[in-house]
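Following: one structure in C-alpha cells, then a few remarks.
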Amino acid sequence: MEAPSPLIVITGPTASGKTGRAVALAREIGGEIISGDSRQVYRGMDLGTGKDLEEYGEVPYHLIDIAPAGHKYNLYEYLRDFADAEAKVRGAGHVPILCGGTGLYIESVLKGLKLPEVPENPELRAELSLKSLGELTEMLAARKSLHNTTDVDTVKRAVRALEIEIYYEAHPNEAIEATPHPRADAVIIGVDIPREQRRQRITARLHARLEAGMVEEVEDLLASGIPAEDLEYYGLEYKFLTQYVTGKLTRQEMVSQLEIAIHQFAKRQMTWFRGMERRGFVIHWLPYNMPAEEFTREAIRIAERRCQ
C-alpha cells in the first residue's frame, strides 16, 4: 500500500475469528499487529485470554505479554503503549493493524484520547468497596464516563473506573487532556458473525481450551503467588476458573456459569460496537465466513479507498 497508510482496525466479538483475518491482511500488505485486547497484555495468561500466538507466524505483534499477571493494566497505560507501538511500526515502514475486541481501548485510540495518570485513592476505594457491583455500575452510568461500563464485571474494576472519573472531576485541568481529538486516518473493519454461529463457536472454543489445559494454567498462576482475588479481578475465564480451583464452584457449575458469562460478554461487545456507530464511527462489517482471500482483498479495497 502507498504511504501514508491508514491505521487499520480489525475488530468484532469474541470467537469471530478476527485475529486470523488481521494476520492474513498483515501478510498481504506488510503490516504488524497491535493488540486491542485488555487481557492479552499479561504474561502467563494465554489460554484464558485466547492469545492463539501460533496464528501470527512470522507476522510481528505488539502489546501482548507486556505486563506481569497480577498487575492491573489500565487505559492510561494502554494509550501510552499503543502510541509507542504505532510509532515503531510506522518507523519500520509497515502498516499498523489494530486487532482486538476491547471496545474501550479501540474507541479511545480512535478518539485520540490522551489521559493523565490517575493515582490510587485508598479512602475512596474503602468506601466504594462496600457497594455492590450493581450500585457501582449505576454510579458509573450516571457520569459522563470514558470507561467501558459494559466491561466492569467485577467490583474492583468498577471501583477503579469510578476512582478515575472522580479524580477527573476533582482535577478539571488534567481532565482537559482527555478531550478527544478524533483520528482522521483510521479505517474500521468489523468481523460480522450471526448470534447463533457466535454462540456455537464460543461453546466449542471454551471446551477446547479446557481440554488444552486452561484449568492448569490458573493453577500455575495461583502457585506462582498471585492471589486468587487478583485473578478474579480479570473476570470471565479467570474469575470462574479461580473459583473452581479454590473450591467455590464445582466443575459443572464453573463450565455452565463461564459459558453464560462469555455469551453475555460477546453481547456486550456488540452493544459497544453498535454504540460506536451511533457515535459516528463507520464500521465496515464483513462476514466471518467470507473466504480468507476475499476478506483480505475487500479489506485492502476499503483501506485504499480511505487513503484517496
Residue count, region 25-55 (criterion: free of Cβ contacts under 8 Å to residues at least 24 places away in the same chain and under 20 Å from Q269 (Cα atoms)):
1
Within region 122-158, residues at pLDDT 85 or above and of a type outside the set (K, R) come out as P122, E123, L124, A126, E127, L128, S129, L130, S132, E135, L136, M139
Inside region 256-308, can you point out the residues that are outside any helix (DSSP H, G or I), surrounded by 13 or more Cβ atoms within 10 Å (Cβ to Cβ) and of a type in the set (A, V, I, L, M)?
I283, L286, M290
Within region 172-207, tally of residues that are modelled with pLDDT of 95 or more and outside any loop (DSSP other than H, G, I, E, B):
20
L241, sole failed condition from (1) over 16 Å from R39 (Cα atoms); (2) in contact (Cβ under 8 Å) with a residue 60 or more places away in the chain; (3) open to solvent by less than 60 Å² (accessible area, probe 1.4 Å); (4) in contact with a helix residue (DSSP H, G or I) (Cβ under 7 Å, 6 or more places away or on another chain):
(1)
Selection from region 245-255 of residues that are surrounded by fewer than 13 Cβ atoms within 10 Å (Cβ to Cβ) and closer than 14 Å to L210 by Cα
R251, Q252
Checking the condition part of a helix (DSSP H, G or I) and in contact (Cβ under 8 Å) with a residue 60 or more places away in the chain, which residue from L210, L221 passes?
L221
Across region 1-37, which residue is surrounded by the fewest Cβ atoms within 10 Å (Cβ to Cβ) among those that are modelled with pLDDT under 95 and closer than 14 Å to V187 by Cβ?
P4
Return the only residue of L162, L210, L222 being modelled with pLDDT under 95 and at negative phi.
L162
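The values are calculated or read from the model by the stated rules, or taken from the named source; none is laboratory data. The model shown is predicted, which means the values in this text are computed figures rather than measured ones. Cβ: placed from backbone, ideal geometry, glycine included. Neighbour counts: every protein chain shown. Side chains included, ligands, DNA and RNA excluded: accessible areas come from the protein's heavy atoms. Shrake-Rupley method; radii C 1.70, N 1.55, O 1.52, S 1.80 Å.
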